[in-house]
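Colleague: Would you mind keeping the following structure in view while I ask a few things?
The values are calculated or read from the model by the stated rules, or taken from the named source; none is laboratory data. Treat the numbers as computed from the prediction; the structure is a model and nothing was measured. Every residue, glycine among them, receives a Cβ derived from its backbone with ideal geometry; neighbour counts consider all protein chains shown.
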Amino acid sequence: MTSEGAYHLSGRELHFIAIGGAGMSGLALVCARLGARVTGSDRADSSYMARLRDAGLEPRIGHDAAAVPPGTEVVVSTAIPPENPELAAARERGQRIIHRGELLAELCSLRRLIAVAGTHGKTTTAGMAVHALRAIGADPAFFLGGELPGAGGGNGATNAGWGSGDWVVAEADESDASFLELRPEVAVITNVELDHHSRWGSRAELVDAFRRFAEPAGGLALLSDSGLEAIAAGRRAIRFDAGAPGPLLDLPVPGRHNVLNARAALAALELAGFDVDASAEALASFPGMLRRQEHKGDCGGARIYDDYAHHPTEVAATLAALRELGPERLIAVFQPHLYSRTKALAPAFGAALAAADEVGVLDVYPAREEPVGRLAGVSGLDVARATADRAGGRPVWWLRDAATAERALRPRLAGGDLLVTIGAGDIFRLADSLVAGR
């Protein structure tokens, strides 16, 4: 075991560009706790920025070359464009540039690593593993792609921590191949589906990347029908599915996909040597991750939920799970994420969204992309049309932005309705606004 006191970053200075992201903010929190002098900036405020302030950091809003302290190491993600003024200034000065995947791998190398990868479910699976480990007294370090209620002390939510135990649980991101930097002792692959079309040219290329991710691991938890069974050869492996034998599950979160997430988390903990029955019992109090089927409150008698789903498979799973809550009318408001994903998957999004009784579609949240070149002309209207084609005459609204959506939908909400905002962008603000206005 490497104790917190045996490793520290005192004397090290780190500046995080886009510090308010889920992954970057977690790294910043842990580095600050380990003694580094941490600065950073982001283009907009967020709940993650609030967590950083609560920890005593002072992230800046907006990007400015003057914000980068001379001599500091500069941490970036793949989403940071070369023309970012802070990155450009650091390069001009010859400062060290570190990719977030490299820094994550450095920190994870200090503990025994459970790395959770997969196209869908990795945040919740990793969060379940962390929740169970904390409940049974293992006190892991962790890096999550979302906020886990209760992990920040009391009822506070957080996405990262540096516990005193032997293990670290890390969400392993395939979107930019940075998960290949990790060397897990236990690797989890929840599923494999082509999602990040700007990075992976084919499913075969993606499958090979997952194979390389799993190579260092002595233990492997693997979805039974993932198509990756061959990589289990020569190592201890547990194949999981919703009906896999194991301890009974009493999950407070709905949906078959959450049963799969729980089976994956328990398989990982079994491979790591933990009591699987005690871990399963701990999941009965799992609070769910923020932005994953999160109940935000009520509006006009309607229940308002929010979910991070941004792939057709995830959208379908979210709507199926919320159906289990018995709404008289299920209303889905979807914000597509990335022009490249929207262009590739608009028909599949339409098919998934058509499972709702009523659908609203906003325009694309661009993140790091621009609608130019091969992406010119792509918009959320492509998804709205695809949904209308599959909806069998049920209402489909093209709403363009959150303000338009609120004006259109608020008067229609009534008791028995369940409205869910869906997407990886800022669509959650619509849910917050509906609840705040009641």
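Colleague: Name every residue in the stretch 8-28 that is in a helix (DSSP H, G or I) and either in the same structural domain as ALA160 (by TED's automatic domain parsing) or touching a helix residue (DSSP H, G or I) at 6+ places or on another chain (Cβ under 7 Å) (or both), in order of residue number.
Modeller: ALA22, GLY23, MET24, SER25, LEU27, ALA28
Colleague: A follow-up question, please. Quick check on my filter: what residues within the stretch 390-407 are more than 28 Å from the chain's Cα centre (by Cα) and surrounded by 13 or more Cβ atoms within 10 Å (Cβ to Cβ)?
Modeller: Listed by number, the residues that qualify are ARG390, ALA391, ARG394, PRO395.
Colleague: For the stretch 40-52, what are the residues that are polar (S, T, N, Q) and either part of a loop (DSSP other than H, G, I, E, B) or surrounded by fewer than 14 Cβ atoms within 10 Å (Cβ to Cβ) (or both)?
Modeller: Matches in the stretch 40-52: SER46 only.
Colleague: Tally the residues that are of a type in the set (D, E, K, R), in a helix (DSSP H, G or I) and buried (at least 19 other Cβ atoms within 10 Å of the Cβ), restricting the search to the stretch 363-389.
Modeller: Within the stretch 363-389, residues that are of a type in the set (D, E, K, R), in a helix (DSSP H, G or I) and buried (at least 19 other Cβ atoms within 10 Å of the Cβ) number 1.
Colleague: Here's another thing I want to ask about it. From (1) touching a residue at least 60 places away in the same chain (Cβ under 8 Å); (2) surrounded by 15 or more Cβ atoms within 10 Å (Cβ to Cβ), pick out the condition that doesn't hold for GLY416.
Modeller: Unmet for GLY416, out of (1) touching a residue at least 60 places away in the same chain (Cβ under 8 Å); (2) surrounded by 15 or more Cβ atoms within 10 Å (Cβ to Cβ): (2).
Colleague: If you don't mind, another one. Which residue out of GLY56, GLY21, GLY26 is closer than 23 Å to ALA157 by Cβ, under 18 Å from the mean Cα position of the chain (by Cα) and either surrounded by fewer than 17 Cβ atoms within 10 Å (Cβ to Cβ) or at pLDDT below 90 (or both)?
Modeller: Residue meeting the stated conditions: GLY21.
Colleague: Based on what the data block shows, is GLY326 among the small types (Gly, Ala, Ser), in a loop (DSSP other than H, G, I, E, B) and over 17 Å from the mean Cα position of the chain (by Cα)?
Modeller: So GLY326 passes the test.
Colleague: Can you tell me which residue within the stretch 53-100, out of those that are among the small types (Gly, Ala, Ser) and assigned to a loop (DSSP other than H, G, I, E, B), is nearest to GLY145 (Cα to Cα)?
Modeller: Among those that are among the small types (Gly, Ala, Ser) and assigned to a loop (DSSP other than H, G, I, E, B), it is SER77.
Colleague: Pick from the stretch 295-313 the residues that are out of contact with any helix residue (DSSP H, G or I) (no Cβ under 8 Å at 6 or more places or on another chain) and not in a loop (DSSP other than H, G, I, E, B): which of them is nearest to LEU144 (Cα to Cα)?
Modeller: HIS295
Colleague: Now for a separate question. Can you tell me which residues in the stretch 116-143 are farther than 16 Å from ALA262 by Cβ and outside any loop (DSSP other than H, G, I, E, B)?
Modeller: Matches in the stretch 116-143: ALA117, ALA141, PHE142, PHE143.
Colleague: Pairs under 6 Å by beta carbon, first residue buried (at least 22 other Cβ atoms within 10 Å of the Cβ) in the stretch 99-117, partner polar (S, T, N, Q) and not in a loop (DSSP other than H, G, I, E, B), six or more apart or different chains?
Modeller: Listed by first residue and then by second, the contacts come to VAL116/THR125.
Colleague: Considering every residue within the stretch 32-39, establish whether at least one is surrounded by fewer than 17 Cβ atoms within 10 Å (Cβ to Cβ) and more than 25 Å from ARG111 (Cβ to Cβ).
Modeller: no
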